[in-house]
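**Student:** Here it is, the structure, as structure tokens.
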Amino acid sequence: MLSKAENFYLDKIEQWENELINQRPNKLFYIYSDYISASLSYIPEMHKQIILQSLDNILFHLHAILFNSTFQRNTAQKLMHQARVHNESIFTLKDMKKLNIDQLHAIANKQMANYRILASAQGALASKHTGFLLGDFLSMVIINLRSVQVLASIYGRPADSPNEIMTTLKVFCAGCLPYPYRVQAWDELMIEQEKEQHGFFYNGNDEIVQEKMLHTLITELIKLCFLQFYKGSHTGAVIGTAANYRFTRNITEVAHHYYQKCYLLSKREENG
């Protein structure tokens, strides 16, 4: 039995899921998607697999570096400090589950806003300085992977086990996908959630980066070309800011809804 507030947030997530399912791409998206698919068809299958495996390895290593960094420890302390304002018995990230849904939602919203601003600033700088432009793709991966790690921690699920590591990476990849593919990725996440039941080891599909992610990769490369073309101009700053903000908004939106729904379903199961 969930409280009124918990049912309210669960209803909002279900409304978001329905909007995701019923969202229809415009004709321009289909033309663009067909063009990207046609371009990818020229890449031999073996080379595609090499690219996907390389992206898998990059994500795993970045996750390990970020999660074991001093920055992670500092962030964890800040999150717990914010949480102790509401509950004095919180001393680990897993204790964050002791907060009620309104408190968790408020902390998560603040963190999401911070990462969206950071991504927007990166886009603006990339449009003006060559160093930021060359590092834009890696910066966006780091910013957004970090945002997913933080949101997982807020809802009491730090990525400190094989199961949670894989979940974090899959949530990140789901948020990266163009929205027509996001529905299938979301469904797969929820199916795996039901099977895993927060176990320590991961027993699901270990394929993280799927071929559809190449659409996102090419889109990011096209964005960089635009930023290079409009480098130093107001147009370039608008493109960089808007593109990076939207990219981060999509990922944080998926991650927040996922971890919040898992939290609420877990509460409902605990309360019978």
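The values are calculated or read from the model by the stated rules, or taken from the named source; none is laboratory data. Being a predicted model, the structure only gives us computed values, none of them experimental. Here Cβ is always computed from backbone atoms with ideal geometry, including for glycine, and neighbour counts include all displayed protein chains.
**Student:** Can you pull out every residue in the range 53-71 that is among the aliphatic types (A, V, I, L, M) and under 20 Å from Ala174 (Cβ atoms)? Reasoning before the result, please.
**Tutor:** To start, the set of residues in the range 53-71 that are among the aliphatic types (A, V, I, L, M) comprises 55, 58-59, 62, 64-66.
Scanning the range 53-71 gives Leu55, Ile58, Leu59, Leu62, Leu66.
**Student:** So if I check each of Lys110, Lys97, which one is surrounded by fewer than 20 Cβ atoms within 10 Å (Cβ to Cβ) and at pLDDT 95 or above? Give the steps one after another, and end with the answer.
**Tutor:** Values: Lys97 fails: at pLDDT 95 or above.
Criteria check complete, one pass: Lys110.
**Student:** While we're here: Test each condition in (1) in contact (Cβ under 8 Å) with a residue 60 or more places away in the chain; (2) polar (S, T, N, Q); (3) within 23 Å of Val238 (Cα to Cα) for Asn114 and report the one that comes out false.
**Tutor:** The failed condition is (1).
**Student:** What residue, of Ser147, Ser120, Ser153, is at pLDDT 90 or above, hydroxyl-bearing (Ser, Thr, Tyr) and over 21 Å from Thr216 (Cβ atoms)? Before you say what the answer is, go through the steps one by one.
**Tutor:** Numbers: Ser147 fails: over 21 Å from Thr216 (Cβ atoms); Ser120 fails: over 21 Å from Thr216 (Cβ atoms).
Criteria check complete, one pass: Ser153.
**Student:** Scan the range 251-261 for residues that are surrounded by fewer than 23 Cβ atoms within 10 Å (Cβ to Cβ) and either touching a helix residue (DSSP H, G or I) at 6+ places or on another chain (Cβ under 6 Å) or free of Cβ contacts under 8 Å to residues at least 24 places away in the same chain (or both) and jot them down.
**Tutor:** Listed by number, the residues that qualify are His257, Lys261.
**Student:** Same structure, new question: Among the numbered criteria (1) in contact with a Pro (Cβ under 9 Å, 6 or more places away or on another chain); (2) at pLDDT 90 or above, which one does Ala83 miss?
**Tutor:** Every condition holds for Ala83 apart from (1).
**Student:** Which residues, counting only those in the range 1-52, are charged (D, E, K, R), over 28 Å from Ile208 (Cβ atoms) and in contact (Cβ under 8 Å) with a residue 24 or more places away in the chain?
**Tutor:** Answer for the range 1-52, where residues must be charged (D, E, K, R), over 28 Å from Ile208 (Cβ atoms) and in contact (Cβ under 8 Å) with a residue 24 or more places away in the chain: just Glu6.
**Student:** Now, a different point. Which one of these is free of Cβ contacts under 8 Å to residues at least 40 places away in the same chain, within 29 Å of Cys262 (Cβ to Cβ) and buried (at least 16 other Cβ atoms within 10 Å of the Cβ): Ser139, Ser147, Ser153? Please lay out each step first, then the result.
**Tutor:** Details: Ser147 fails: free of Cβ contacts under 8 Å to residues at least 40 places away in the same chain; Ser153 fails: free of Cβ contacts under 8 Å to residues at least 40 places away in the same chain.
On inspection, the qualifying residue turns out to be Ser139.
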